[in-house]
Each structure stands twice: as structure tokens, then as C-alpha cells.
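Down below is the structure, laid out as C-alpha cells.
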Amino acid sequence: MDITVQDSKRWMGARLERKEDLRLVTGQGKYLADIVLPGMLHAVFVRSEYAHARITGIDVAAARALPGVVDVITGDEIRTRVKSMRQPVVLPNLPAKYPDYHALAVDKVKFHGDPVAVVIARDKYVAEDAAELVVVDYEELPVVVDAEQALAPGAPRVHDEEADNEMFAMTFTGGATADEQMRNEAEVQRIFDTAEVVVSNRFRVHRTGITPMEPRGVLCDWSLADGLTAWITTQRPHIDRLALIDILEIPGERVRVIAPRDQGGGFGVKAPFYRENVVIAYAARKLGKPVRWIETRYESLMNVGQERDQINDVEIAATKDGRLLALRNRGIANNGTGQTGVYWGFVMPFLGQVEMPNVYTWEKGDIKLRVATTNKACLTPSRAFGHFPTRFAIERSIDIVARRCGLEPADLRRRNMVPKLPYTTITGEYFDSGDFLKVWDSLLRQIDLPAFRREQVAARAHGRYLGIGFACGAELSGVASELLVPMENQPGYGAATVRVDPRGKVLIFGGDAPGGQGHETTVAQVVASIFGIDPSDTLVTTGDTGATPFGAGTIGARAGSYFVSAVHKACAELKEKITHVLAHDLGVRATTEEFAFTNGDVIYLRDPSRRKTFREIVERIIMFPVNLPEGEVGGLEATAFFEAAKPMICFNADFCIVEVRPETGEFTIKRWATSEDVGNVINQNIVDGQMHGAIVQGLSNAIFEEFIYTDEGQQLTADFEHYKLATAADVPDIELSYASTPCPHTPLGTRGIGEGRPSSVPGALCNAICDALSPFGIEVTELPLRPSTLWAQIRDAQARQH
Amino acid sequence: MFPAQIEEYVRPTTVAEALAVNARYDEGDALFIAGGQSLMQALKSRMARPRCLIDLQAIDALKGIEYSDGVRIGAMTRYVDIAADERLRGRNAALRDAAAHVGDRQVRNRGTIGGSCCWNYLASCTPAVVLGLGGRMHLVAADGTRRVVPATEFLIGPLETARRADELLEAVSFAGATDRGGSAYRKWGLVKDALPVVGVCVCVELDAAGRCSAASIALSGLAAGAQLAPAGAALLVGSSGDATTLARAMDAVAAAVEAQSDKWASTAYRQQLIRTLGADVAATAFARATA
Amino acid sequence: MQTVRITVNGTQYEEAVPPRMLLVDFLRERLALTGTHVGCTYEGVCGACTVHLDGEAVKSCMLLAVQADGHAVTTVEGLSSNGDLSVLQQSFREHHGLQCGFCTPGILMNMTDFLARHPEPSDDDIRHGLIGNLCRCTGYVHIVKAVREAAKTLAGGAG
């Protein structure tokens, strides 16, 4: 504990030890798999071995006959007892062909891993024994796993009821009408026709994502009196509750969803509304017993955490002195089945295209996206939501333009960076505040670039290939209702209830459901600084829809922007009431600003001898609500909702230095340095940790992780021996630095951070690799970045040169 | 995922007792479990469904490294103990190279040389090193018959060995340290210390003049399992380990090898890794021989 | 069913278990020691279930409970005594060596064993020692720092 922090205001920005950690380092965390109810039954899913097949029969007799098995449920039963998964509560307000589907597969399986049946047994080992005994007869159907093939005429159709596999298509530039968009297209074409420099590349990013260490899980309890209580690993308990109400048709007062206090990471993977929630809730209601399902890693890697998977055909028109003129992109996303509530897979690539222009001042752009349905698992959100591939494409393209112009890529970026905020991009993304150039210049101060260039030349003379790569990006700082309503059909405001306890403690209730971000600590620091109390005098409760205000959930970096701002707003309301009563008690006429809340006291600043302890005054208001100022009533509790007037952003920039060994294509990251605009910081440790984690996730996605499907749609990477996460020995140390600008749209000047942060990583890394290999003229346009493919490119280049 | 039903678990304290239990079951119905770091994967994925597990952990006779004429490593000797034994040097140093980088610390605290050799997974390090160092496998049968099988004959192919169903591997033995012997092993994987995409073991013996009098090269990570590369080894003989010779030898290994192509590496890339990694490994082996 | 006697965090337990029961299930479900976590299916790669078997770090999802019969197991719940955190646990708090905490118990168990054997590790040593523990949140930076600082504290005798 940093005991040097005395002044209450100093809680902001402190490297305070986290309140969460005492329980987490002693094994006393309570994750979903740690919750046990008396008489609890265990569920194991039977999942499809085929990517596309008609179910011609399911024989559950042997499974049912196994002692200890309580029930076996198939799609036919679910179809007749429960509504389908396509309900308005989980449908975005975007024009897409939303496939209808049930919680268990009916008639057809559409990807390898599709849930076909569920076995419920008294013992989890027995449930697995029984699952092996379920016999499913399949008639195989033609499979389509490639997005372009899926969009081609005559491709096998994933959803029989649709005419083709194009689930969603959109133009992001030029205006709202087709005429305006066509006019824009022509204008962009004219720029390309006359441009001095045109760079065109096809960028491919593989299927990968951010797999949390804790897999998913659901525990449902049913009682005749109270209905359904569902513990779900989820980032959005309130939305899950609505979905359960609508799909299972249970009156709302009889459904309570609880996200466990401790969750082993989410990163977007725990944000959708999943089919397993419905199956387990249905089983608990049917059997009148608690039923629990804990996802295996195998199931997890088969079903969720798969994102990216885009092709972007990027063209840039520029002047030969390096001014960017126009950006054209034709994006294609491989959505998988599109069967996952809230996002339906395509919402990620949709946002990816919105963020495509990044922080550069294009004169015009022409950006289009097509989303293909295939026989792969549906895309699920993963940190750097949708724009990991587009950021890679744009940041690589910028470097290629710079090389064509003979300019330093860092200079070309600076020259085309949005110089002044606010700014609206060619796709309509709004950048509210900050100073991109300040962050960029601060980054460049951490490297003597001319000296590096000399070192690079000298090293090459000795057969050593060093390179430097830059990248940057603006990320959403929370997602505003303006964007969340169309994208996810839900509000974006932050929600918090603050309850002051008569003993001088403060209890905070949030509608979010964190998974490691440190909400308990961050909020404690904010509340402590407002009320002049110690952070240890607070308690934060999240995740329980029975106890917390309705909120959007822990998504899109909203803790530092929306949630703490809602907390601040509720605290401000209470502060006003406290000072109002205190002024009355002291017999003075004073505004809230004339009182200081510090070190456990509330002090009248015009006469500091006149004060009360925080506990005295709050106890008086809550417990002794007599002789109050006229019109005031007792009690100290407030719920506040916060929404900024405009969407908000944060900004970051990276460089890295690599050395490549041309004989093998192996590379070493020698330095990774950043500069960040995170607004005002609440807990520096937590902010640092977010950045470290995001950057390493970016590296792990770019280099190691890959979901591999065969042409028959068989998924080959459903364990950690084949789906390779970076280990500690595979990644570098990270040097962070900050050049922040307080956000003017939040009460504390804070920004939400961390969500989009991995997206700049593949660009910076591959730019450095290509810089190192510039003597060979190699431009990396595909991920993953593997030594083997790099070596093949080097070998081909050497062959060309000789 | 959880193992299928297991009827019996026994923990004998002698080899004879272990073999007697094994004899009570039909072939494949009883399995010996050593460190279990591979077998547990097979049990949990239900690829293996034994009725009986015979745990070898309490048989002290199977543990430890003995030095007399040669080196005899008990089958139940763990990676952590092999990696830490500084007496394994010179021509046996490759054993430590491999053991120190199998999986991770937790795996090395359980995994054993005997378990690895009997499982003979294609992408494991130990079989290749045992092969490269000319290891000899000491087997004992239920009736007490003992036989010694060279690693070349023992390691038939992925998941296949010459161990008969009624036999237990007692130990693996190697020639003892010589004045001028050296060996080394290294592997390449996408993430550190993972199962190898390819691994190379080189073992050389030098004469008084510092010239190579005998050499062997073994490879791991290949679809056909651990294998020797005699054509390359022959080129090392007579040389003093100069860079040109090492490169030529590894070129020959790469040219002769049948390397698979998969998502982690193409055939050509595996061959290139054999060249670059192999040359480094060979140089280390020569350096150790002269140290 | 087979009767096993396993000493866990200093207390001996005698329990009848099916031979196929994993040690991690024995700890979590029989003894309600839920600090030991499960993060993979059959592969035994993530390391969240790491415990000590007779003082050495092992993965409890790669052992059957019957194999631990007669042995001493220490779990993360056994690292602190009388409410006093170990130097390593305290270092993880101080240096923010965890976020979601799911992998943390396994890392603490592995690194406790590691520091006992490598009292003066370099950062490379620490990173190599951590290969058997996957972490998704931290990028490992603060984990390495927490282990490094704990080693210094232990060396200084301040712990």
C-alpha cells in the first residue's frame, strides 16, 4: 500500500494496490466454476463433428440408460419448447440477413462444433461418458469455408432459407443514398486517375482472437417461487437477462442474472448472448434442479474467441511528396455461420471499416464491405473489435507509400495526421479531443531516428538486418449510445448507484461486469478522492442484475469513460446534499464548493475550525433525518447515468525495433516503445497493465495464434498445443510513455482505454520487419507473420535479385 | 475432458510386481504410467482407455543415473534430474540440452526419459537424442527375461516401439564420457520450448588430432518419427568441424530428409532449419568435444 | 473406489475416490480448495492448475488423485500462513502482477518453486521459468517484475 498518499486528491493517478488482489493471490476468488449449489447437475454438450451436414437421426437411448444420467435434450425438444435465438433484444439496428437459429442445432449442423444435444447427469464424468453414447446420424453436405468462394455464384448455402451467403454489405463513404455514394466513387476514381503515387495491396488477416484463460460457464437455478437465477460468465448481465426473459418467455420479475464477481478475462468473448445460456436455463426449469455447464477449452476454441478473418483490398492515392489524397478499400469478412446474438459476427468487420481511415486527413475515400457466411464458427468479438485487420492494412499501406515516395514513414505519418481536434473522418468516425501530434512527437523523442538509420546501415554491412516500424491509432473510449444503438441495439450510458453507509463507508453498484480490469480499485480511488475518504472504505458490487442499475456492460473500454463518470455524477449529487445539510447544521449559507472533503473530514473552508467528520455528517443524514433544511429528506443514495455529448477516443502510437535473420526468417523484437494519450489517469498500474496486455495480445495474434480449418471445415486448433498463445519467453519487455490530454467530456478528464490497443501492433511489427528487409524489397501483406513465410519471401527475393 | 472409467490403479514397488499385474490383463488393457505427461493427455482425451493403470512411481530401481563403464539412466528418471546432472557432459551433453527444454518446468518435474521413449511421440525430443547418442534400451519381461535393444531398433515409428506387451523398459544406457566426445541438441518451435517443428542432435568423437572419428546426426519433429541422418554424419567424419564441412553435412541431411509440410513449416523451411540449426548444433558438439 | 491419504496444505485427508478422478478435481470438489483453476481440456498447457507435489511444481490436471496418494500437496491456499502473505504473493499485489487472476494461483505455485531453486534469476530465467503458465491479461511484464522484486526481497532477508 502506498502510504505516502495522504491528501485525498492524490488518490487519483496513484499506483494503488488493487482491492481485488488479496483474494486473488490467496486462491479465494470466486469464479463461475467455484460456485456450487446443493443437488447441482452437470451438463455436457454433444457437438457436431462435421462442418455442414443434415441431421438424419439422434439416438439418445444408450446415453439415457447410463446410471446417473438425468436427461438428454436435443434440438427437436428445444425447438418446440423455447423461442428461437433471433429475438429483437439481441438484434442490431443494421440491415443484415440475420439467420434464425435455435439454442441446439435443428435439422442441420453448420460448423464443426455446432451443439447438437446436451446430456445432464449427476456427475460430470458420467455426463461425459453419456455424451459419448449419443449417436448422431449425419448426411454430409457441401462445405464452404472460404469467404470469396462463399460469395461466388453457386456456392453451397450455409442457411437454406437465404438466396446466397452475403449476410451484410455496406458502403461507408460518400453519403447515405446510392446516388451520393456513386458520385463519391467517381470522384475518388478521378483522384486515383491523376495521382502521382498509387499503392494497391491485398491484405489478409487470419482468424484469431483473444481467448480468455477462463472458459465460459453457466449455472442456472430454478425455483417455483422465484423463477430463474442464472450465473453466467458474461460482460453484460443486464442484456443477458433480457434475452433470457424474451427467449424462454419468463416474466421479467422472475429472472435474475449474476456475473460472478471474479471472471477470468473477457476481452469481448463474453459479450455476446450465447446458445448455451438458453439450453442450461431450459434444463434447470424443466428439471427443477440447478444445472451447471463449464466450457472445456476444446469447446471454447471450437466455438468462441474467433475474430479477424478479413481480406482488405486497399488502395491509396498520394502525391510524390507524401500527401495522402484518397483511400479506397474493398473489405471482405469471413463471418462463419453468423449465429451469435448481439453481434452476429458481422458487427466487428462493420466497425473495422468505420475505423479504416485511422487518424489521417484523407480528401476522399471509398470504402465498402461484404460479409460472407461460411461453415466456420461465427466470429465473436475480441479486443481490437473488428479493426485489427483494417489497422494492419492501413498502417502497412502508409509505410509502402512512404517507401514509394522515398520518405521516412514516421515523417509521412506526422505530415498526414489530423492536426487539430475535434475531427470527423471520411467514414464519419468522430474524434472528440486530444492532441495526436503531441503524442507522436513524444514517441519520436524516445528514439534518435537518424542515429538508428546510421546503425542500420552499418549493421547491414555486417550482414545484420535491423529495422524500425511505426504505427498509431485512435481507439474508442467507451462506445456512445449514438453508435451502440445501431450496432448492438442497446444503450451506451454508464450506470452507477452510490450508497453511503451510516458508518461512513461507501458502497458502489455498477451495471458492468468486469473480468480483471480492476473496477473495484479504480472506482474506489475516484470515490475516495471525491469524499476525502480512504479507498479501503469503499465496496464495489458489479454483475448482479438484482442489485445493480441497468448498464451496458463491460465492453469497449467504458470503465474509465462511462462507468467512473456515472460514479462521479452520483457522488456529486450526494456531495451536494451532504454540504447542504452541513451548511444548515453549521448555520452558514454556503455552496458545495465552500466545503472541502479531505482525510475523512468535511471542512467549511471559510472557517476550517467548523467541520464534521464524514462519518458524523452522513450518519446524521441517514439515521437522524430531523431538523433538515426545508425540502430536504434523509438518506444518502443516488443512481446516475452518464452519457457524453459525443463519442470519445483515446490515442496511441508505437515503434519497435527488430532484427531479422535472413537465413531462417526468424526475428527478434529488440525494443517496443509507446506513447499514449489516456487522458487523466486514475491508477497508473492498471493503465500500464492494460497497455502491456494489449500489446502482447497483438503480438500473440500477429505471430503465433491461428484458428485453422481444413477445406472440409474441420477445425484443427482446438487445444493449446495447436492454438499457440505467446508465453513469457516469446515476448519482449514493453516501454510505455504517456503524453496525455485530459478528456474535456468526462468530469474527471479520464478516457476509457485498452480495448482497441492491440490493433496498432501488427502494423508496427510488420513495418519494422519490412524496414529491416528493405534491401530485399519485401512487403508483408498477410498475417500471421511466421518465420517460415518470411524466409520463403526472402529466398524468392534473393532469387529475383541474382 | 475426463478419463474414461479405470477399474484398477496399482502402485507396485518392484519391477516383478509391476510385470505380474500387467500379465493379468489382456494386451492394451493395462498401461504403465511413468510421469504421465503424455499418457494423461491420451487418457483425458479418451484416446487411451485402459482398464488398469500400473503406476511406476514407487519402483526405486527404475530411478537415477548410474555411472560405471557407461551411463545408465533409469527409465523413471525425470527430465529435471537429467537436466541438472552435470556429469552428463561431453558426448552425453545433448541429453541435458533436450531435458532442459522439454515443455516447461512443471512437465520436467514429472516427465521421464523412459516414458517419453516408450510413448515415442513424433514431435518429442528425447527419442531423437537417445537415437543420436546411440542409446540402448534395457527391457525386462514378466518371466524375468532381459534384453537390450539398440534405440535404432526400439524406436520403430510414431507411437510405436519394439517393447512387447509383457515388457517394461528399465533403463536407457549410453557409452560413458570419453576424452574427446561431444554432443548437442536444439529444436525449433513456433513458441519457446514447444514440441519441435524440427530438432537436431549431433554427436561426434574426435581423435587426438582433433579430427572427427565418428559422428551421428539425429532429427526430431518429422512425421516419420525420430530418425538418424547417416549421409550427413558421414561427411563430418575426418573433419575438424570447420564451418564449410558443417554446412555441407547439413546440406546433405536436408537433401536426404523426408520432411512434411504443415501449417507450422513447409518442407523447404524444415530443410532450411535443419541446415541452420544443424550447423549451430554441430559446432556446439565439436566445441564440447574439444573442451 | 480407492482410498487415498493425501496431505494437503499440512492436513491429512483420507478419501475414497474413483481411480479416474483428476487430482485437480479432488482438490476443487472434494476439498473445496477452488484456488486451483482449470484452463485447458486434456493438453495440460495453461498451467493454471499448478500445485506443489512434495514441494515441486506440477500440473494437477495431469495427475490422478490416486497418484498423489501418500504425498503432500500444497495449493495456493497454503502459501500464506496465519493471514500473512508470502513475499511472492505480496510482490504480485505490489507490482500489479495480475489482472483477472485466473492464471495467478498456478503462476504463484510455479514461481515459488522456481525461486527456491533459482534465488538470483535474470529476467530471461524468469521468462523461461514461466513457459508453463499462460497469462492472457498482463503481457507478462508485471509478472516478471513481481518475481524479480520478490527475489530481491528474499535475497535481502527482508521477507
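The values are calculated or read from the model by the stated rules, or taken from the named source; none is laboratory data. Being a predicted model, the structure only gives us computed values, none of them experimental. Cβ atoms come from the backbone with ideal geometry, glycine included; neighbour counts cover every protein chain shown.
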Checklist outcome for this item: By residue number, the members of the range C:1-41 that are outside any loop (DSSP other than H, G, I, E, B), more than 25 Å from residue B:38 (Cα to Cα) and not hydrophobic (A, V, I, L, M, F, W, C) are C:3, C:5, C:7, C:11, C:12, C:13, C:14, C:15, C:30
Checklist outcome for this item: If you go through C:88, C:130, C:115, the only one that is of a type in the set (A, V, I, L, M), within 14 Å of chain B (Cβ to nearest Cβ) and in contact (Cβ under 8 Å) with a residue 24 or more places away in the chain is C:115
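Let's see how each residue does on (1) at pLDDT below 95; (2) aromatic (Phe, Trp, Tyr); (3) surrounded by fewer than 19 Cβ atoms within 10 Å (Cβ to Cβ):
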position: B:184; (1), (2), (3): no, no, no
position: B:195; (1), (2), (3): yes, no, no
position: B:202; (1), (2), (3): no, no, no
position: B:207; (1), (2), (3): no, no, yes
position: B:216; (1), (2), (3): no, no, no
position: B:237; (1), (2), (3): no, no, yes
position: B:243; (1), (2), (3): no, no, yes
position: B:253; (1), (2), (3): no, no, no
Checklist entry - Do we find that residue A:441 is of a type in the set (D, E, K, R) and in the same structural domain as residue A:656 (by TED's automatic domain parsing) in this structure? => result yes
Item to check | Residues that are among the polar types (S, T, N, Q), part of a loop (DSSP other than H, G, I, E, B) and farther than 17 Å from residue A:669 by Cβ, drawn from the range A:702-753 | outcome: A:710, A:714, A:717, A:737, A:740, A:741, A:746
Checklist outcome for this item: For the range B:62-89 the number of residues that are within 11 Å of another protein chain (Cβ to nearest Cβ) and among the small types (Gly, Ala, Ser) is 1
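Considering each residue of the range C:47-80, count those that are touching a residue at least 24 places away in the same chain (Cβ under 8 Å), part of a helix (DSSP H, G or I), at the interface with another protein chain (Cβ under 7 Å from one of its Cβ atoms) and under 17 Å from residue B:33 (Cα atoms), and give that number.
Total meeting the criteria: 2.
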Checklist entry - Considering the range C:133-159 alone, what residues qualify as being of a type outside the set (A, V, I, L, M, F, W, C), away from chain B (no Cβ under 14 Å) and either in contact (Cβ under 8 Å) with a residue 40 or more places away in the chain or not in a helix (DSSP H, G or I) (or both)? => result C:136, C:138, C:139, C:142, C:145, C:149, C:153, C:157, C:159
Checklist outcome for this item: From the option list C:44, C:106, single residue qualifying as under 23 Å from residue A:233 (Cβ atoms), within 11 Å of chain A (Cβ to nearest Cβ) and assigned to a loop (DSSP other than H, G, I, E, B) is C:44
Item to check | Test: residue C:13 is of a type in the set (Phe, Trp, Tyr) and surrounded by fewer than 22 Cβ atoms within 10 Å (Cβ to Cβ) | outcome: yes
Checklist entry - Hey, any hits in the range A:251-262 for a residue that's more than 26 Å from residue A:114 (Cβ to Cβ), touching a helix residue (DSSP H, G or I) at 6+ places or on another chain (Cβ under 6 Å) and surrounded by fewer than 24 Cβ atoms within 10 Å (Cβ to Cβ)? => result yes
Item to check | Residue in the range A:738-759 that is surrounded by the fewest Cβ atoms within 10 Å (Cβ to Cβ), counting only those that are among the small types (Gly, Ala, Ser) and away from chain C (no Cβ under 14 Å) | outcome: A:749
Checklist outcome for this item: Residue hits (the range B:106-143; out of contact with any strand residue (DSSP E or B) (no Cβ under 6 Å at 6 or more places or on another chain) and of a type in the set (Lys, Arg)) are B:108
Item to check | From the options B:79, B:25, residue that is of a type outside the set (D, E, K, R), in contact with a Cys (Cβ under 9 Å, 6 or more places away or on another chain) and closer than 28 Å to residue C:19 by Cα | outcome: B:25
Checklist entry - Looking at B:279, B:289, which one is away from chain A (no Cβ under 13 Å), modelled with pLDDT of 95 or more and either under 18 Å from residue B:186 (Cα atoms) or within 23 Å of the chain's Cα centre (by Cα) (or both)? => result B:289
Item to check | residue B:288 being touching a strand residue (DSSP E or B) at 6+ places or on another chain (Cβ under 6 Å) and not polar (S, T, N, Q) | outcome: yes
Next on the checklist: If I filter the range B:79-86 for residues that are modelled with pLDDT of 95 or more, in a helix (DSSP H, G or I), of a type outside the set (S, T, N, Q) and not assigned by TED's automatic domain parsing to the domain that holds residue B:135, do I get at least one hit?
Outcome noted: no
Checklist entry - When the range A:126-149 is examined, which residues are found to be assigned to a helix (DSSP H, G or I) and either in contact with a helix residue (DSSP H, G or I) (Cβ under 9 Å, 6 or more places away or on another chain) or within 14 Å of chain B (Cβ to nearest Cβ) (or both)? => result A:126, A:127, A:128, A:129, A:130, A:131, A:132, A:133
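Would you confirm, using the coordinates I've provided, whether residue A:649 is more than 14 Å from chain C (Cβ to nearest Cβ), at pLDDT 95 or above and surrounded by 18 or more Cβ atoms within 10 Å (Cβ to Cβ)? Don't jump to the end; show me each part of the working.
On the way: more than 14 Å from chain C (Cβ to nearest Cβ): yes; at pLDDT 95 or above: yes; surrounded by 18 or more Cβ atoms within 10 Å (Cβ to Cβ): yes.
Yes: the conditions hold for residue A:649.
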Item to check | Verdict on residue A:668 being assigned to a strand (DSSP E or B) and without any contact (Cβ under 8 Å) to a residue 12 or more places away in the chain | outcome: yes
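Would you check if there is a residue in the range A:765-782 being in contact (Cβ under 8 Å) with a residue 60 or more places away in the chain, within 14 Å of chain B (Cβ to nearest Cβ) and surrounded by fewer than 24 Cβ atoms within 10 Å (Cβ to Cβ)?
Residues of the range A:765-782 that are in contact (Cβ under 8 Å) with a residue 60 or more places away in the chain, as a first pass: A:765-776, A:779-782.
Narrowing the set further to residues that are within 14 Å of chain B (Cβ to nearest Cβ) leaves A:782.
Now restrict to residues that are surrounded by fewer than 24 Cβ atoms within 10 Å (Cβ to Cβ): A:782.
Among the residues of the range A:765-782, at least one is in contact (Cβ under 8 Å) with a residue 60 or more places away in the chain, within 14 Å of chain B (Cβ to nearest Cβ) and surrounded by fewer than 24 Cβ atoms within 10 Å (Cβ to Cβ), which makes the answer yes.
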Checklist entry - Out of all the residues in the range B:139-155, which are touching a residue at least 60 places away in the same chain (Cβ under 8 Å) and under 17 Å from the mean Cα position of the chain (by Cα)? => result B:152, B:155
